[in-house]
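Heads up, the thing below is written out as structure tokens.
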């Protein structure tokens, strides 16, 4: 039985997300150790590498999203593999933390965007309609898969070789593995193979879009009320978990537990996050997206409440499962909402712009948790604030106009 080529696109998107996101973000704590020993920076300066990469990824979202919609996906992803592999080679040649930061700000950030979730979601939105949720959730799980493989691999290379040599080996290997993956598997759209989304017969003529966005300019998206409401809901939903995760080990220490138990909670969260992504995609193909978003907010709020009330490691582990599943379920649903409301042909632009709009929530949240602790000696005010903001977001969900039918995407 012949496999629908769209599933090869899912495999490519999943593996590219595993390579890009895990290499640039998840593995930074591994790379930070030799950087600190070599350059002796302050802790704040040391963390600037990952900070500027996140900031650049958000800022680059709108222009690169537009490029993804306009130009060949295969060529952009291939360029991304060059930037990722070359970025780690350049990192190995850095003579100061300033140069390290510039590498993360430039080639690594750009490579991560054009090989990561933004590009993968845009690609799969073209190849799938009826089974889009499943396809996107499988691809999104690549980030969790990479998080399990890349950090220990880099740690092994750094221990086996001097860190500069290790990064050169890793960068070259990254390119050698990902470039052929793009060349062999990625196809820009099903029409290039004489196919239609899901491998089915041509769909019926689409109904009128539910949004006011008929063009592709940034201004038209910004004029659409739905776009703002979706961005606010997702920003409030994603910011809280990001803030807690960034402060999880200090939070655990405040609860009179150990740093090792905090690391274990991170692993539990990641496993639940993986399960949440897979479940969300399967359900999103059949369910109302507004209702799903509301349910996820309730789940995340329950997770926050668990952290607020937890007095033992077992209770914190349970809260981590709940919070991780809720946060993981958000990512594929975000892609599905945009594809359903704005169409596959505008996926890059809509997701790139919305990533930029959500970025302030995820960047500010970790600092707000730290500020709350400095001001009160406890993380409880931050958790209560996160729950209150989720209540606000829950009210905004039902102001979003109902989405179009699946056939309109």
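Things worth noting here:
- Residue 231 falls short on exactly one of the conditions (1) modelled with pLDDT under 85; (2) assigned to a helix (DSSP H, G or I), and that condition is (1).
- Being touching a helix residue (DSSP H, G or I) at 6+ places or on another chain (Cβ under 9 Å) and either crowded, with 23+ Cβ neighbours inside 10 Å or within 30 Å of residue 193 (Cβ to Cβ) (or both) is a property that residue 89 lacks.
- Qualifying position, being touching a residue at least 40 places away in the same chain (Cβ under 8 Å) and more than 18 Å from the chain's Cα centre (by Cα), among 10, 89: 89
- Exactly one residue among 110, 103, 82 is under 14 Å from residue 164 (Cβ atoms) and either in the same structural domain as residue 19 (by TED's automatic domain parsing) or in a helix (DSSP H, G or I) (or both), and that residue is 103.
- Being crowded, with 21+ Cβ neighbours inside 10 Å and closer than 30 Å to residue 69 by Cα is a description that does not apply to residue 322.
- Only one of 119, 144 that is at pLDDT below 85 and within 16 Å of residue 24 (Cβ to Cβ): 144
- For the stretch 134-156, the criterion of being farther than 23 Å from residue 55 by Cα, outside any helix (DSSP H, G or I) and outside the structural domain of residue 337 (by TED's automatic domain parsing) is met by none of the residues.
- Residues in the stretch 149-174 that are under 28 Å from residue 278 (Cα atoms) and touching a residue at least 24 places away in the same chain (Cβ under 8 Å): 149, 150, 151, 154, 174.
- Filter result for residue 320 (modelled with pLDDT of 85 or more, assigned to a loop (DSSP other than H, G, I, E, B) and not assigned by TED's automatic domain parsing to the domain that holds residue 144): no
- From 6, 58, residue being closer than 20 Å to residue 115 by Cβ and at pLDDT 85 or above: 6
- Residue 385 vs. criteria buried (at least 19 other Cβ atoms within 10 Å of the Cβ) and assigned to a helix (DSSP H, G or I): no
- Extreme residue, farthest from residue 157 (Cα to Cα), among residues of the stretch 23-41 that are touching a helix residue (DSSP H, G or I) at 6+ places or on another chain (Cβ under 6 Å) and buried (at least 24 other Cβ atoms within 10 Å of the Cβ): 24
- Among the residues of the stretch 15-36, the one identified as closer than 16 Å to residue 84 by Cβ and free of Cβ contacts under 8 Å to residues at least 40 places away in the same chain is 28.
- Condition check for residue 39: in contact (Cβ under 8 Å) with a residue 60 or more places away in the chain and either outside the structural domain of residue 186 (by TED's automatic domain parsing) or more than 25 Å from residue 81 (Cβ to Cβ) (or both): yes
The values are calculated or read from the model by the stated rules, or taken from the named source; none is laboratory data. Quick caveat: nothing in here was measured; it's all calculated off a predicted structure. Cβ coordinates were reconstructed from backbone atoms using ideal geometry, including for glycine residues, and neighbour counts include every protein chain displayed.
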